[in-house]
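> I'd like to ask you about the structure that follows.
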Amino acid sequence: MNTMLRKSVLGIAGLAFTGGVFAGPIAAHADAAPVHSTKPVAVSVQGAQSKIDLNDEQMANAKAIIAATKKAGLPERAAVISIATSLQESKLENLGHLGDRNDHDSLGLFQQRPSSGWGTPEQITNPEYSTLAFLKGLKQVDGWQDMPLTEAAQTVQVSAYPDAYAQWEQQAADIVAHNWNS
């Protein structure tokens with residue numbers, strides 16, 4: 001095959017592959033019934049979803065994240081990203097030092113580290129402070145409102161598991177939808 005023909009074939013194959021990658025998730029759900037919801041999910045939920053039952057303390061922490069998001073003047077989408085991030089990092093538990101199980105010096109709802117400049121241990125374990133610190137980082141991410149949740153969260157958190165946040169998007173959206181106006 002001559003060079004020009006080979007490049008053309010490879011270019012078309014590349015476009016077909018790219019189209020399949022981006023259209024695949026959409027096409028996979030094309031037969032699904034439309035969902036009529038006021039959930040604050042600006043970007044469609046991606047991948048398999050996880051869900052945990054929340055106790056009173058975890059719900060109080062979720063509500064504290066929502067309150068801090070409102071205090072920061074940010075929309076529901078910011079609360080969804082924050083709650084999904086906290087679900088991944090701590091299961092919405094305000095974690096203190098975990099001894100040998102601790103990831104470096106990570107603390108609180110978002111597993112923020114004093115040594116990385118997030119604040120003092122006392123600040124980081126304060127749900128309002130830690131949420132406002134997370135949101136400050138989120139606001140510095142250009143286009144966070146329109147990007148996939150896991151990308152926005154990862155840009156702020158710099159986790160060793162960058163794709164893990166996506167699994168909590170639906171539960172976070174449900175929590176925000178149920179509690180935003182209460």
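> Whether any residue in the stretch 115-122 is over 18 Å from ALA62 (Cβ atoms) and crowded, with 17+ Cβ neighbours inside 10 Å is what I want to check.
Checked the stretch 115-122: at least one residue is over 18 Å from ALA62 (Cβ atoms) and crowded, with 17+ Cβ neighbours inside 10 Å.
> Restricting to the stretch 138-165, what's the tally of residues that are small (Gly, Ala, Ser), more than 25 Å from GLU57 (Cα to Cα) and touching a helix residue (DSSP H, G or I) at 6+ places or on another chain (Cβ under 7 Å)?
Residues in the stretch 138-165 being small (Gly, Ala, Ser), more than 25 Å from GLU57 (Cα to Cα) and touching a helix residue (DSSP H, G or I) at 6+ places or on another chain (Cβ under 7 Å): 1 in total.
> Would you confirm whether any residue within the stretch 119-134 is in contact with a Pro (Cβ under 7 Å, 6 or more places away or on another chain) and of a type outside the set (S, T, N, Q)?
yes
> Exactly one condition in (1) of a type in the set (D, E, K, R); (2) closer than 23 Å to VAL45 by Cβ; (3) open to solvent by 30 Å² or more (accessible area, probe 1.4 Å) is false for GLU169; which is it?
Here GLU169 meets the rest and fails (3).
> Still on this structure, please answer the following. For the condition crowded, with 24+ Cβ neighbours inside 10 Å, among the charged types (D, E, K, R), within 17 Å of the chain's Cα centre (by Cα) and at negative phi, what is the one hit in GLU89, GLU93?
GLU89
The values are calculated or read from the model by the stated rules, or taken from the named source; none is laboratory data. What you see is a predicted model, and the numbers here were worked out from it, not measured in a lab. So basically every Cβ, Gly included, is an ideal-geometry build from the backbone, and we count neighbours across all protein chains shown. Ligands, DNA and RNA are stripped out before the accessible areas are found, and what is left, the full protein with its side chains, is counted by its heavy atoms. Shrake-Rupley method; radii C 1.70, N 1.55, O 1.52, S 1.80 Å.
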